[in-house]
Amino acid sequence: MSRAVDWRETPEGVLLPVKAQPGARKNGIQGVHAGRLKVAVTAPAEKGKANRKILDVLAKALNVKKRQLQLVQGTTASEKLILVQGITSAELATRLASLQT
């Protein structure tokens, strides 16, 4: 799964494209959809609830602290861009590969 996701490394960290699926039956990583990591969350898409839960799910799945994640684009859209700080693209590739969805 790792490189099927079209992330890019920047001086600030790795920009990870995410496809959000709010209102799902359970929280978790659902694979890759059109070059984006698909993240399903049970929270509804209202008042930022789904965005907060997406960051929680990603932090746990990637084994990073929530403060290392920042939503930089797509606050109200299903396609989001998350900045992952404190890891390299090689580390991200390893962590994504270990998810085994």
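The values are calculated or read from the model by the stated rules, or taken from the named source; none is laboratory data. Please read these numbers as outputs of a predicted model, since none were measured by experiment. So basically every Cβ, Gly included, is an ideal-geometry build from the backbone, and we count neighbours across all protein chains shown.
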As an exercise: evaluate Ser78 against (1) surrounded by 14 or more Cβ atoms within 10 Å (Cβ to Cβ); (2) without any contact (Cβ under 8 Å) to a residue 12 or more places away in the chain; (3) among the small types (Gly, Ala, Ser) and give the number of the one condition it does not meet.
(2)
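Scan the stretch 1-50 residue by residue and report those that are charged (D, E, K, R) and in a loop (DSSP other than H, G, I, E, B).
At the first step, the residues of the stretch 1-50 found to be charged (D, E, K, R) are 3, 6, 8-9, 12, 19, 25-26, 36, 38, 46-47, 49.
Once the filter is applied, which keeps residues that are charged (D, E, K, R) and in a loop (DSSP other than H, G, I, E, B), the stretch 1-50 yields Asp6, Glu12, Arg25, Lys26, Glu46, Lys47.
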For the stretch 32-55 the number of residues that are in contact (Cβ under 8 Å) with a residue 24 or more places away in the chain and either in contact with a helix residue (DSSP H, G or I) (Cβ under 7 Å, 6 or more places away or on another chain) or not basic (Lys, Arg) (or both) is 9
Among the residues of the stretch 11-26, what is the count of those that are under 16 Å from Leu83 (Cβ atoms) and either in contact (Cβ under 8 Å) with a residue 40 or more places away in the chain or surrounded by 12 or more Cβ atoms within 10 Å (Cβ to Cβ) (or both)?
8
Scope the stretch 57-89; condition out of contact with any Asp or Glu (no Cβ under 9 Å at 6 or more places or on another chain), over 16 Å from Lys38 (Cβ atoms) and in a helix (DSSP H, G or I); matching residues
Ala59, Arg67, Gln68
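Looking at Asp56, is it under 21 Å from Glu91 (Cβ atoms), of a type in the set (Asp, Glu), out of contact with any Cys (no Cβ under 6 Å at 6 or more places or on another chain) and at pLDDT below 95? Break it down stepwise before answering.
Numbers: under 21 Å from Glu91 (Cβ atoms): yes; of a type in the set (Asp, Glu): yes; out of contact with any Cys (no Cβ under 6 Å at 6 or more places or on another chain): yes; at pLDDT below 95: no.
Answer is no for this residue.
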